[in-house]
1. Out of all the residues in the stretch 85-102, is one or more within 24 Å of Arg197 (Cβ to Cβ) and over 16 Å from the mean Cα position of the chain (by Cα)?
2. How many of the residues in the stretch 175-191 are among the hydroxyl-bearing types (Ser, Thr, Tyr) and more than 16 Å from Leu201 (Cα to Cα)?
3. Among the residues of the stretch 45-61 satisfying the criterion of being modelled with pLDDT of 95 or more and more than 21 Å from the chain's Cα centre (by Cα), which is least open to solvent (accessible area, probe 1.4 Å)?
4. I'd like the full set of residues that are under 16 Å from His73 (Cβ atoms) and either without any contact (Cβ under 8 Å) to a residue 60 or more places away in the chain or not in a helix (DSSP H, G or I) (or both), limited to the stretch 6-22.
5. Residue by residue through the stretch 83-104, note down the ones that are within 16 Å of Ala134 (Cβ to Cβ) and without any contact (Cβ under 8 Å) to a residue 40 or more places away in the chain.
6. Only residues that are part of a loop (DSSP other than H, G, I, E, B) and either touching an Asp or Glu at 6+ places or on another chain (Cβ under 9 Å) or modelled with pLDDT of 95 or more (or both): list them for the stretch 23-44, please.
7. Would you tally the residues in the stretch 87-101 being open to solvent by less than 50 Å² (accessible area, probe 1.4 Å) and either over 24 Å from Arg33 (Cβ atoms) or basic (Lys, Arg) (or both)?
8. If you take the residues of the stretch 67-83 that are open to solvent by less than 20 Å² (accessible area, probe 1.4 Å) and in a helix (DSSP H, G or I), which of them is nearest to Asp22 (Cα to Cα)?
Amino acid sequence: MTTSAGTPLDALRVRVTAALDDAARTWLDRALREATDRQGGRGPVSAWELRLAEAGRRCGPEHADAVRVLLLHAAGAGPDTLARLYRQGTADERRAVLHALPHLVPGPEGLPVVEDALRTNDTRLIAAALGPYAARHLDPHNWRHAVLKCLFTGVPVDEVTDLERRARADAELARMLTGFADERTAAGRPVPEDLYRVLALTDSGPDAPGKES
């Protein structure tokens with residue numbers, strides 16, 4: 001199941017619940033109650049936080065992202081809690097935190113988590129970081145470099161939420177893309193097809209080789 005950070009949480013829960021078997025559904029119901037009640041766990045870690053680590057094993061890896069987002073929402077995790085869970089989490093748990101940001105953090109307080117993900121070379125984290133939250137809050141300079149990071153690491157630009165809106169008439173992005181394409185060409189390396197897609201959105205630059213204008 002693909003988790004969309006833009007999917008309404010009610011719809012996400014219905015979709016996940018319908019896909020789980022009885023045992024996994026029972027586990028999820030209990031885990032969500034624990035998150036809502038914020039029941040204590042072993043030592044400083046709450047029981048619902050332990051469930052984040054169990055989500056893949058209990059509900060299957062294809063549903064783990066969605067389940068973790070639901071748990072984070074049920075617990076009302078704020079920016080500080082999300083940042084801590086991101087720092088302490090596995091790559092899968094970090095991705096869930098990134099997916100949860102637009103549901104839980106209305107302002108820019110979650111940007112440090114996004115910026116950290118964009119500094120990695122983990123393509124799944126980069127893709128998750130460029131969802132609706134980054135579209136709303138990431139400043140133009142860092143957003144442009146994030147688009148280039150996608151091209152460099154092979155993350156499809158379809159993963160970038162609101163790409164068309166943010167790239168439109170962006171002359172600086174066009175300059176950066178053209179420079180990147182020139183560097184690749186000079187080095188005898190192929191230019192990613194996605195680069196020409198983004199360049200076209202800026203209303204600047206040439207068409208891809210072999211394409212009609």
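The values are calculated or read from the model by the stated rules, or taken from the named source; none is laboratory data. Because the structure is predicted, anything quoted here is derived from the model rather than measured. In this analysis, Cβ positions are derived from the backbone assuming ideal geometry, glycine residues included, and neighbour counts consider all displayed protein chains. These accessible areas exclude ligands, DNA and RNA; they are computed on the full protein's heavy atoms, side chains included. Shrake-Rupley method; radii C 1.70, N 1.55, O 1.52, S 1.80 Å.
1. no
2. Step one: of the stretch 175-191, the residues among the hydroxyl-bearing types (Ser, Thr, Tyr) are 178, 185.
Among the residues that remain, those that are also more than 16 Å from Leu201 (Cα to Cα) are: 185.
Going through the stretch 175-191 one residue at a time, the tally reaches 1.
3. Step by step, filter the stretch 45-61, then rank; the result is Arg58.
4. Applying the first criterion (under 16 Å from His73 (Cβ atoms)) to the stretch 6-22 yields 6-17.
Passing the criteria: Gly6, Thr7, Pro8, Asp10, Ala11, Leu12, Arg13, Val14, Arg15, Val16, Thr17.
5. Pass one, the stretch 83-104, residues within 16 Å of Ala134 (Cβ to Cβ): 83, 86, 94-104.
Scanning the stretch 83-104 gives Ala83, Tyr86, Arg94, Arg95, Val97, Leu104.
6. Of all residues in the stretch 23-44, those part of a loop (DSSP other than H, G, I, E, B) come to 38-44.
Hit for the stretch 23-44 is Gly41, nothing else.
7. To start, the set of residues in the stretch 87-101 that are open to solvent by less than 50 Å² (accessible area, probe 1.4 Å) comprises 89, 91, 93, 95-101.
From what's left, either over 24 Å from Arg33 (Cβ atoms) or basic (Lys, Arg) (or both): 91, 95, 98.
Looking only at that region, the number is 3.
8. Just the residues of the stretch 67-83 that are open to solvent by less than 20 Å² (accessible area, probe 1.4 Å), to begin with: 67-72, 75, 77, 82.
Filter once more, keeping what is in a helix (DSSP H, G or I): 67-72, 82.
Values: Val67: 15, Arg68: 18, Val69: 20, Leu70: 18, Leu71: 18, Leu72: 22, Leu82: 29 Å.
Restricting to residues being open to solvent by less than 20 Å² (accessible area, probe 1.4 Å) and in a helix (DSSP H, G or I), the top hit is Val67.
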